[in-house]
Structures are given as structure tokens and as C-alpha cells.
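Asks: The structure is given below, and queries will be raised subsequently.
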Amino acid sequence: MQHRVLRCVEAIVVVFGIILSLTIAAGLPTIEIASAAVNAKNFNAGYIISDSRFYDSNAMTAAQVQTFLNQQVPTCHPEKDSAPSTIVCLKNYSTTTTAESKDAYCAGYVGGKKQTAAQIIDGVARSCGVSQKVLIVLLQKENGLVTHTWPSPWRYETAMGFGCPDTAECDAKYYGFFNQVYNAARQYKLYKLFPAKYQYRVGTNKIYWNPAASCGTSTVTIKNQATAGLYNYTPYRPNQAALNAGYGEGDGCSSYGNRNFYLYYGDWFGDPTTEAGPILTSMAAVTIPNGQYYINSALAYTSSIDIPGASKLDKVQAQLYVGNQSVAQRYQFTRQSDGSYEIVNMNSGKALDVYGASTSAGSMIDQYARNNSKAQRWFIRQAEGGSYYLQSALGNFALSVNGSTAASKTQIVLNPAQNAANQKFLLSSTTTVATNTPVEILSALNNNYTIDVAGASSNNGAAIQLHTVNGTSAQEFVLKQVANGVYEIANGSTSKLIEIPGGATANGSVLQQYQSNGTQAQRWFLRDAGNGRVSFYNLNSGKFVELSGGIVSENKRLTIYTGNGTIAQQWMLKAFPQQTATTSPTTPTMLIANGTYRMGNDILTSTVLEIAGARTENGIRTSLYQSNGTKAQQWTITNLTNGSVRITNVNSGKVLDVAGAQTANHATVQQYSSNGTKAQEWFPVKNADGSITFKSALNGQYVLDAHNGQTVNGTIVALYSSNGSKAQRWILSKLS
């Protein structure tokens with residue numbers, strides 16, 4: 001590797017009377033540079049580092065900082081200095097901290113503690129909300145401390161260049177390694193919280209190339225606050241000569257501070273302009289009921305966390321494996337007083353554990369005897385959609401599938417939090433429910449109401465609603481398990497699935513039925529709500545099926561909403577009442593013998609049901625008319641196997657039908673070609689006076705009704721809510 005001379009030109013920045021920033025016009029010591037992970041020619045003057053990386057105070061632990069410092073200087077060389085006894089490399093440096101009070105910018109610091117440089121870097125980062133990586137890079141950029149093998153004491157006195165103007169001596173009140181690190185970190189928070197008080201801000205700025213005014217300025221559009229902060233601390237932009245030189249020297253108008261920040265960060269920690277992984281503690285904590293769950297991977301929801309071979313031994317590493325509903329894939333989640341969960345395998349009785357409490361990337365996740373340690377505590381954090389992070393109580397680390405493959409036997413490990421699918425999981429209850437058999441899905445608010453397909457429609461897009469239980473196929477559903485705790489919910493008659501249209505995720509999005517399309521909008525996790533109740537939440541949106549506002553009403557559309565644990569999001573599964581040839585939902589089969597009848601209205605039996613004008617085309621409405629003996633007034637009644645009847649006009653051969661399968665007052669009743677739908681089926685009910693009421697198989701609350709109880713010729717016959725009146729009673733006279 002080449003050895004290059006590093007230079008950093010800094011500037012005068014005056015803030016509230018404090019003059020900041022060190023000018024290092026003289027060369028830093030010659031050091032060995034690793035091959036660049038970023039290229040200086042890719043330097044973007046308006047976007048040096050992302051905010052998420054700059055302000056990520058969980059970027060490293062103290063132990064990780066120490067390891068990093070050790071790696072930069074394997075061997076210290078005090079003998080190179082004229083006073084070797086005064087030389088201590090940064091990896092070995094320690095000092096006593098100074099007490100700092102909590103304020104709006106930092107959380108303060110306990111004084112009088114002897115701490116290593118790594119501990120101070122980590123502690124200050126967490127107090128002030130600035131990345132440990134950023135502080136390391138600033139120590140290198142300002143004074144070369146990270147890689148220097150024989151740093152003199154003065155480098156620690158002015159470690160971050162804080163209070164060191166170009167035009168005067170450094171201010172002694174800021175001397176000392178701890179003071180330098182704490183005050184510099186705090187200053188960056190000041191920039192962030194009060195951007196309008198500083199010279200360089202997000203937006204268009206004039207920035208000098210160099211302290212020499214003769215070198216001129218350039219226009220820079222600063223894109224984010226972290227970049228603005230860097231310019232306020234070091235107010236110069238590297239020119240093209242500096243960028244062309246990489247870590248080397250440019251020309252007389254070059255400056256190097258912000259260039260070197262970009263390069264050091266890139267070499268050591270990756271591209272600074274990319275977004276950092278999430279800070280899990282800033283995400284919403286999720287509370288789930290204590291109970292047994294499958295832990296399915298967002299990489300492939302059909303695979304779950306598993307203990308190999310159903311082992312009951314300690315130190316067996318967890319793996320991903322295709323879901324098989326085995327006890328080796330079932331975990332008891334128990335909430336702890338701090339909001340975390342202990343996760344215990346139901347087969348072994350051992351806890352999901354970070355082996356050795358290690359926070360190194362790729363640390364093994366095993367099962368181990370329960371010990372109440374942080375290594376066995378997990379916070380559930382909401383990710384996008386229906387997925388969660390399982391955050392270790394050890395820090396900003398998440399349970400991870402090793403790599404990005406969902407292949408069976410892939411190891412489960414701990415890694416720093418990243419916005420990646422291999423760190424996202426889906427939790428479904430292990431509750432056993434009836435599958436591949438018809439059920440009713442009753443509201444826990446009122447079990448006289450059930451989930452229903454509007455109008456018993458077989459169409460794609462038909463509304464999913466709440467309706468009074470009536471035993472019709474519109475209320476018959478079949479759950480099919482497609483993964484551990486993951487189901488499709490199909491209507492038993494149409495086989496179409498309950499889904500969220502277009503994969504919508506917003507609260508209040510309605511439900512519909514649609515043909516199977518394999519999307520996650522048609523996949524539902526089961527959540528045990530206790531007391532025989534369950535909740536359904538969508539794999540795509542993570543939202544729960546609910547009755548909005550907790551209000552039960554007829555034909556109310558069902559929607560999705562963020563889980564809230566209320567009874568409005570809870571349902572009860574009940575075996576669907578099986579129909580036989582001798583029973584119907586309300587009355588025995590063969591209440592009316594098969595045959596041809598005249599159907600007189602009970603108000604005036606001489607007025608009968610007819611098709612006006614003896615017309616034969618589809619869509620002609622039914623009405624009343626004085627009996628005249630024509631075939632337009634004759635109806636053939638045929639009993640069906642489910643206890644209902646089909647009513648066919650003798651003249652036209654068309655069937656008595658509810659237009660559009662509507663279930664509403666005044667819904668049109670017409671004649672229509674036979675199509676086998678529920679819109680053409682009627683359940684007869686015998687009344688005390690011997691008359692018959694005909695209930696629509698679409699919805700037993702609606703019956704055949706003479707409009708407004710009238711009997712004049714042409715009175716419309718339609719559907720209307722059952723009210724027991726004579727307008728809804730029919731006298732049948734058998735003709736053959």
C-alpha cells in the first residue's frame with residue numbers, strides 16, 4: 001500500500017462567542033491507508049452523509065469501538081517520540097470524565113469516572129445522539145488519533161479541534177479528550193436543533209473553497225442537516241484538485257476536512273450517504289397476548305423458526321424450516337415487566353437465547369435453560385405491514401435469518417438492525433381451528449350476527465359485511481391453512497376468498513370477495529384472543545378485521561384497522577349448520593308438495609301473483625291481479641334438497657328471482673331464466689292461519705311482500721323485511 005500525507009484545512013466558525021474548528025494546515029503523520037471503499041470523485045458536496053447514519057447513536061457498542069481501535073493500531077510505537085513515556089495510543093488511552101448536566105442537547109454525563117477512549121466515544125454518542133462511527137471519523141479527520149501509532153499528548157488535548165480557531169490559540173477551557181468529544185458532539189446537536197442560527201443550512205449556500213478568500217466560493221445545495229452540520233464545523237468545500245488526489249494533496253486552493261470525513265467513513269464503515277439501519281427503540285413497541293405462537297419469516301411466510309430435530313438440549317442453534325405445525329416450531333411468549341418477552345420453545349422448555357450474550361454480528365441464537373438474562377429477552381417492534389422485528393434486550397440488534405435465503409436449515413443469528421426482510425418476522429397463534437370444513441364466523445360483539453357475502457353474490461368484488469345469522473351459503477366459510485397459522489378464508493358456495501382490495505393497507509379499508517390470486521391480501525394470520533375467540537390480521541397490511549366503531553348493524557361493511565385488542569376485532573368460529581333433504585334453516589322440506597299452484601295474497605285471496613301481460617322475457621316484475629285462470633298466474637313449486645323451493649311461472653318457464661341478488665326493502669322480484677343461485681330459492685314458512693310466508697334464501701329477514709298491503713290490479717310484489725303482516729302471507733291453491 002502507498003503511504004500518503006493527509007492534510008485537513010479547517011475554518012473559523014463563531015457560535016455564541018465560541019470559536020470552533022482546528023486548522024491543520026500542516027500534514028498529519030504519514031499513515032497506511034486501506035483501499036478506499038468509496039471514491040473521492042463520487043463526493044457529493046450537498047450530501048456528505050445521511051442523517052440516519054450521522055445521528056445513529058446505536059451504531060456501535062463500547063466493545064465494538066474498542067475492537068475497531070485495536071484493529072487500526074495493532075502495535076503502538078512510543079519509541080518514535082522524543083518522550084516515549086508520554087505516548088499512549090488511542091486504543092489504550094483512558095482519562096477521568098467530567099460531570100456534564102443534562103440539557104436539551106445531551107443527556108449529561110457522570111463525572112469522576114476513569115474510562116477508556118472507547119467507553120467515552122460510546123457514552124458521549126448515546127448521551128448526545130450522535131453516531132459512534134461519526135465521532136471516530138471526526139477524531140481521525142481532526143487529529144489523526146485513530147491510526148496514529150505514537151500520538152503526542154497535545155493531540156488528546158485538542159482531539160476534536162473544538163475551540164481551536166484558525167486565528168488564535170485553542171481555548172484551554174475545552175482542553176482534554178473527554179471535553180473535546182463531549183462538546184463537539186453537543187455542538188452537532190446544536191446545529192441540528194437550531195439550524196436557522198448557523199451560517200450553513202439545508203438549501204442553497206455559498207461555501208468557500210479554502211480559508212484564502214481569493215480562492216472564491218461555490219454554490220452548494222445542501223440536502224440534509226448532517227451535511228449542513230459538517231460545513232458549520234468545517235466551512236470549506238473540497239475542490240476538484242483535492243477530490244482527484246484521493247487522500248493526497250490538491251492545489252493551493254484545496255481543503256480536505258470534509259473530503260477526508262467522507263473517505264474515512266467510507267473506508268471504515270461503508271458509503272456514508274446510504275441510510276443506516278433502523279433504531280429499534282424509536283419504533284413502536286408491540287404488545288401481544290401471552291400465548292403460543294409460530295415465528296414465521298418475512299422472507300417466506302411458509303417457513304418458521306425451528307429447533308433442529310426437536311432437540312431438548314442446551315446450545316442447539318435455532319434454524320429456519322418449512323412450517324409443519326410441529327411442537328418444535330411453537331413458542332410461548334410471556335411478557336416481562338419491562339415490556340420485553342421471554343420466548344420459550346414448547347417442546348424443550350428452553351428459552352430463545354443469544355449465545356454468550358454476544359453482540360457480534362452473526363452471533364448464534366440457540367435454545368438455553370431459562371435464566372432471566374437480557375440474552376433471553378426480546379422486544380417486539382413494529383416493522384412495515386404485518387411484520388415485526390424481534391429486538392434483543394442487549395441493544396440495537398435483531399433476530400435474523402442468516403443471509404437472505406429462506407431455505408430450510410438456514411441458521412438464525414443476531415445482527416445489528418437493518419431494514420431487511422431477513423430481520424422481519426410474522427407472529428401467528430398456534431390455536432387449532434377447524435379447517436376444510438364449513439364454519440360461521442360470528443361477531444364476538446353479538447353472536448346473532450355473522451360475516452356474510454352481500455346478496456349471496458358470486459361476483460368478484462362483492463362486499464363482505466355483517467348480517468343476521470340466516471344459515472344461507474352467503475354465511476358459509478371454509479378456512480384453509482397455507483402455512484403455520486396462516487389461512488385463506490373462502491366462501492363455501494363460491495370458493496372465492498376474503499381479501500383487501502388492491503392490497504390496501506390504510507385503516508378503514510373495506511373487505512371484499514375475490515377469486516384466488518395468490519396475493520398476501522388474501523392471506524390471514526390467526527391471533528388467539530382468549531375465551532374461544534380469535535382475530536384475523538392480514539399478512540400484507542398487518543391490520544385486523546373489525547367492526548368499525550364497535551357498532552353492530554345489518555349489512556355493515558367489514559373493514560381493517562390497527563390491532564387494538566378490542567372485542568370489535570374478535571370473532572367466534574362455529575360449525576356451519578348442515579342442511580339435509582328433510583330439514584331447512586326454518587322449516588321442514590316438503591312443507592309444500594311439488595306441483596302447480598295459484599298464489600293468492602292473504603289480504604284478498606282473489607288477487608294472485610302473476611307475470612303481467614303473460615310476458616315471457618327475463619326481467620319482468622311480479623305483481624298482483626284478479627284471478628283469471630291464465631297460465632301467467634300459475635306457478636310450479638319444486639322442493640330442493642336444502643329445504644328451499646324453486647317457483648317457476650308455467651307460462652314463461654322462468655323462475656321467481658331477486659334481481660341482482662339484492663337484499664333490501666323494495667328489492668325487485670322478477671322472472672328470470674333458471675341459474676341455480678340463491679336469488680331463485682325461497683324457504684316456505686307455515687303460519688298459524690295456514691298461510692305461507694316465502695323467505696329469500698339470500699337473507700331470511702326478507703320475504704315476498706305485496707307493496708304497502710295493497711290488492712289493486714298491478715300492485716308490485718317485491719322483497720321487504722319480514723313483519724308478519726298479511727301482505728307477506730300467501731294462500732296456495734293446488735291446481736295439479
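The values are calculated or read from the model by the stated rules, or taken from the named source; none is laboratory data. The structure presented is a predicted model; accordingly, all values stated were derived computationally and were not measured. So basically every Cβ, Gly included, is an ideal-geometry build from the backbone, and we count neighbours across all protein chains shown.
Asks: Which is more than 19 Å from Q465 (Cα to Cα) and of a type in the set (A, V, I, L, M, F, W, C), of A504, A483?
Replies: None of the other options fit; the residue is A483.
Asks: Scan the range 698-706 and give yes if some residue there is out of contact with any Gly (no Cβ under 6 Å at 6 or more places or on another chain), farther than 22 Å from D452 by Cβ and of a type outside the set (S, T, Y), otherwise no.
Replies: Taking every residue of the range 698-706 in turn, at least one turns out to be out of contact with any Gly (no Cβ under 6 Å at 6 or more places or on another chain), farther than 22 Å from D452 by Cβ and of a type outside the set (S, T, Y).
Asks: Then there is this: Test S428 against the stated conditions and say whether it is out of contact with any strand residue (DSSP E or B) (no Cβ under 7 Å at 6 or more places or on another chain) and either part of a helix (DSSP H, G or I) or touching a residue at least 40 places away in the same chain (Cβ under 8 Å) (or both).
Replies: Criteria not met by S428.
Okay, residues lined up against (1) in contact (Cβ under 8 Å) with a residue 12 or more places away in the chain; (2) in a strand (DSSP E or B); (3) crowded, with 16+ Cβ neighbours inside 10 Å; (4) in contact with a Leu (Cβ under 9 Å, 6 or more places away or on another chain):
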position	(1), (2), (3), (4)
R646	yes, yes, yes, yes
H666	yes, no, no, yes
P684	yes, yes, yes, yes
F694	yes, yes, yes, yes
S733	yes, yes, no, no
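Asks: Regarding S304, is this residue among the small types (G, A, S), within 24 Å of the chain's Cα centre (by Cα) and modelled with pLDDT of 95 or more?
Replies: yes
Asks: If you don't mind, another one. Scan the range 121-149 residue by residue and report those that are closer than 20 Å to L190 by Cβ and aliphatic (A, V, I, L, M).
Replies: Hits for the range 121-149 are I121, V124, A125, V130, V134, L135, V137, L138, L139.
Asks: Scan the range 502-522 for residues that are without any contact (Cβ under 8 Å) to a residue 24 or more places away in the chain and of a type in the set (V, I, T) and jot them down.
Replies: Of everything in the range 502-522, just one residue is without any contact (Cβ under 8 Å) to a residue 24 or more places away in the chain and of a type in the set (V, I, T), namely T519.
Asks: Another question, if that's okay. How many of the residues in the range 166-185 are surrounded by 19 or more Cβ atoms within 10 Å (Cβ to Cβ) and either outside any loop (DSSP other than H, G, I, E, B) or not assigned by TED's automatic domain parsing to the domain that holds I48 (or both)?
Replies: Counting residues in the range 166-185 that are surrounded by 19 or more Cβ atoms within 10 Å (Cβ to Cβ) and either outside any loop (DSSP other than H, G, I, E, B) or not assigned by TED's automatic domain parsing to the domain that holds I48 (or both) gives 10.
Asks: Same structure, new question: With respect to S493, determine if the residue is surrounded by fewer than 21 Cβ atoms within 10 Å (Cβ to Cβ) and in contact with a helix residue (DSSP H, G or I) (Cβ under 7 Å, 6 or more places away or on another chain).
Replies: yes
Asks: Shifting gears a bit: Tell me, which residue of the range 207-247 that is of a type in the set (G, A, S) and within 44 Å of the chain's Cα centre (by Cα) is nearest to C164 (Cα to Cα)?
Replies: G229
Asks: For the range 687-736, name all the residues that are more than 23 Å from Q465 (Cβ to Cβ) and of a type in the set (V, I, T).
Replies: Of everything in the range 687-736, those that are more than 23 Å from Q465 (Cβ to Cβ) and of a type in the set (V, I, T) turn out to be I692, T693, T711, V712, T715, I716, V717, I731.
Results for (1) more than 39 Å from the chain's Cα centre (by Cα); (2) assigned to a loop (DSSP other than H, G, I, E, B); (3) within 30 Å of Y236 (Cα to Cα), shown as yes or no for each residue.
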| site | (1), (2), (3) |
| --- | --- |
| N44 | no, yes, yes |
| S57 | no, yes, yes |
| K91 | yes, no, no |
| V137 | no, no, yes |
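Asks: Select from the range 696-731 the residues that are assigned to a strand (DSSP E or B), touching a residue at least 24 places away in the same chain (Cβ under 8 Å) and not small (G, A, S) and list them in ascending order.
Replies: N699, Q701, Y702, V703, L704, I716, V717, L719, Y720, W730, I731, listed by residue number.
Asks: Quick one: which of G203, G270 is surrounded by fewer than 21 Cβ atoms within 10 Å (Cβ to Cβ) and either under 30 Å from A393 (Cα atoms) or at pLDDT below 95 (or both)? Steps first, please.
Replies: On the way: G203 fails: either under 30 Å from A393 (Cα atoms) or at pLDDT below 95 (or both).
That would be G270, the only listed residue that is surrounded by fewer than 21 Cβ atoms within 10 Å (Cβ to Cβ) and either under 30 Å from A393 (Cα atoms) or at pLDDT below 95 (or both).
Asks: Given the criterion assigned to a strand (DSSP E or B) and under 27 Å from V534 (Cα atoms), identify the matching residue among E384, E440.
Replies: Numbers: E384 fails: assigned to a strand (DSSP E or B).
Of the residues listed, the single one that is assigned to a strand (DSSP E or B) and under 27 Å from V534 (Cα atoms) is E440.
Asks: Right, another one. Looking at the range 460-487, which of its residues are within 16 Å of W571 (Cβ to Cβ), in a strand (DSSP E or B) and in contact with a helix residue (DSSP H, G or I) (Cβ under 8 Å, 6 or more places away or on another chain)?
Replies: Passing the criteria: I464, Q465, H467.
Asks: For V453, are the conditions met, namely being touching a Phe, Trp or Tyr at 6+ places or on another chain (Cβ under 8 Å) and either touching a residue at least 60 places away in the same chain (Cβ under 8 Å) or more than 21 Å from A697 (Cα to Cα) (or both)?
Replies: Working: touching a Phe, Trp or Tyr at 6+ places or on another chain (Cβ under 8 Å): no; either touching a residue at least 60 places away in the same chain (Cβ under 8 Å) or more than 21 Å from A697 (Cα to Cα) (or both): yes.
In short, no.
Asks: In addition: Any chance the range 66-88 includes a residue that's modelled with pLDDT of 90 or more, touching a Cys at 6+ places or on another chain (Cβ under 6 Å) and buried (at least 17 other Cβ atoms within 10 Å of the Cβ)?
Replies: yes
Asks: Restricting to the range 184-215, name every residue that is within 14 Å of L230 (Cβ to Cβ) and among the hydrophobic types (A, V, I, L, M, F, W, C).
Replies: Scanning the range 184-215 gives A184, A185, L190, V202, I207.
Asks: So the check is Cβ under 9 Å with 6+ separation or different chains; which pairs have a first residue in the range 523-541 that's without any contact (Cβ under 8 Å) to a residue 60 or more places away in the chain and a second one that's buried (at least 24 other Cβ atoms within 10 Å of the Cβ) and basic (K, R)?
Replies: As it stands, the answer is S535/R527; F536/R527, since those pairs meet every condition given.
Asks: I'd like to check something: does the range 361-370 contain any residue that is part of a loop (DSSP other than H, G, I, E, B) and at pLDDT 95 or above?
Replies: Yes.
Asks: It is to be established whether one or more residues within the range 713-728 are modelled with pLDDT of 90 or more and aromatic (F, W, Y).
Replies: Within the range 713-728, one or more residues are modelled with pLDDT of 90 or more and aromatic (F, W, Y).
Asks: Against the definition (outside the structural domain of I48 (by TED's automatic domain parsing) and either under 24 Å from the mean Cα position of the chain (by Cα) or of a type outside the set (S, T, N, Q) (or both)), how does P289 come out, yes or no?
Replies: Yes.
Asks: Same structure, new question: Output the residues belonging to the range 543-574 that are surrounded by 18 or more Cβ atoms within 10 Å (Cβ to Cβ), in contact (Cβ under 8 Å) with a residue 60 or more places away in the chain and in contact with a helix residue (DSSP H, G or I) (Cβ under 6 Å, 6 or more places away or on another chain).
Replies: Listed by number, the residues that qualify are L547, A568.
For (1) of a type in the set (V, I, T); (2) more than 30 Å from L69 (Cα to Cα); (3) in contact with an Asp or Glu (Cβ under 9 Å, 6 or more places away or on another chain); (4) surrounded by fewer than 20 Cβ atoms within 10 Å (Cβ to Cβ), each residue gets a yes or a no:
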residue	(1), (2), (3), (4)
R259	no, no, no, no
A285	no, yes, no, yes
Q292	no, yes, yes, yes
D306	no, yes, no, no
A318	no, yes, yes, no
N324	no, yes, yes, yes
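Asks: From L511, L547, grab the single residue that is over 19 Å from T302 (Cα atoms) and modelled with pLDDT of 95 or more.
Replies: None of the other options fit; the residue is L511.
Asks: Please indicate, with yes or no, whether at least one residue in the range 192-199 is among the hydroxyl-bearing types (S, T, Y), assigned to a loop (DSSP other than H, G, I, E, B) and surrounded by fewer than 22 Cβ atoms within 10 Å (Cβ to Cβ).
Replies: yes
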